[in-house]
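Contents: one structure, followed by commentary.
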Amino acid sequence: MMVLRRDEHGYTCFQGMGIPVGKLSLYTALGGVRPSACLPITIDVGTNNEKLLNEEFYIGLRQRRATGQEYDELLHEFMSAVEQNYGEKVLIQFEDFANHNAFELLARYSSSHLVFNDDIQGTASVVLAGLIAALKLLGGTLADHRFLFLGAGEAGTGIAELIALEMSKKTGNPIEENRKKIWLVDSKPVRFERFNDFNRARKRSLQHFMKPWAHEHEPVTKLVDAVKAIIPTVLIGTSGAGRQFTKEVVEAMASINGDCLMKGGLIYS
């Protein structure tokens with residue numbers, strides 16, 4: 001098992017090696033995976049951080065970050081070397097890759113390698129497990145609910161996709177139909193219109209993994225207004241922006257769903 005970390009922003013580089021080490025330590029402590037079967041890896045492709053480039057004691061690669069074809073060739077060389085040296089059954093976990101790279105790498109190598117992205121798939125499986133557990137208390141199915149997400153990065157879209165897939169598994173409905181029950185609100189600041197203004201030019205400007213969640217709706221700029229407009233029974237926070245689930249937002253959820261526990265209004269953050 002390998003945890004492959006890529007410091008997309010060049011802020012921590014090798015100082016961030018503790019992240020893949022920590023992930024593998026959890027697999028050993030909680031899953032019983034032998035440490036000798038684990039290998040933490042950080043790929044350094046440079047940084048665009050001027051402060052780090054000029055830092056005398058910076059231990060990372062002192063060059064501009066590789067992108068495009070150079071980046072793709074490096075990752076392909078690495079993935080080929082892993083398969084050649086360790087075989088097809090080695091599990092490679094992608095960690096901390098930027099959104100545009102994370103989804104592309106997962107799609108590119110999922111058919112040829114045993115790969116897993118913790119930010120997209122790991123977080124999604126934990127949240128889905130929580131939702132299924134809550135349903136045992138509340139009753140009903142996932143398809144009975146309407147979901148609103150604050151945050152539309154790897155975690156948000158990953159969770160949304162897994163929920164839609166689980167709905168399809170249980171109901172037999174096409175995944176496109178299930179996606180209509182799931183709404184995503186972007187943040188920094190909250191920009192509901194980014195996803196839900198169905199203007200074709202705007203939709204084309206979205207990254208590919210965001211496009212399935214672009215629903216037709218009038219622009220909304222505040223999370224509380226999105227809650228009032230969409231009337232969700234489940235509100236999930238996956239944004240790095242803090243203090244977004246304000247008293248006003250919680251009260252709006254409560255006014256829609258009554259007692260959150262008894263009426264089915266769930267809030268995850």
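A simple rule links phi to the HN-Hα coupling: the Karplus curve 6.51 cos²θ - 1.76 cosθ + 1.60 with θ = phi - 60°, which for the range 39-45 gives 9, x, 9, 10, 9, 9, 10 Hz, with x for Gly and Pro.
Residues in the range 74-88 carry Karplus couplings, in order, of 5, 5, 5, 4, 5, 5, 5, 5, 4, 5, 5, 8, 10, x, 7 Hz; the curve used is 6.51 cos²θ - 1.76 cosθ + 1.60 with θ = phi - 60°, and Gly or Pro positions show x. Spatial offset of the range 136-182 relative to the range 219-246 amounts to 17 Å, using the alpha carbon center of each.
Classify the range 2-113 as rounded, prolate or oblate, taking a ≥ b ≥ c as the square roots of the eigenvalues of its Cα gyration tensor: rounded when a/c is under 1.5, otherwise prolate if a/b is larger than b/c and oblate if not.
Working: a/c = 2.17, a/b = 1.33, b/c = 1.63.
Oblate.
Counting only residues at least eight positions apart within a chain, or on another chain, the aspartates and glutamates with an alpha carbon under 17 Å from that of Lys23 are Asp7, Glu95, Asp96, Asp118, Asp119.
Using heavy atoms of the protein chains and a probe of 1.4 Å, the accessible area assigned to Tyr109 is about 10 Å². Here the gap between Glu248 and Ile41, fully extended at 0.36 nm per residue and compared with their Cα-Cα distance, gives a gain of 70.2 nm.
The values are calculated or read from the model by the stated rules, or taken from the named source; none is laboratory data. In this text, all values refer to a predicted model and were calculated from it rather than measured experimentally. Heads up: the accessible areas ignore ligands, DNA and RNA and are worked out on the full protein's heavy atoms, side chains in. Shrake-Rupley method; radii C 1.70, N 1.55, O 1.52, S 1.80 Å.
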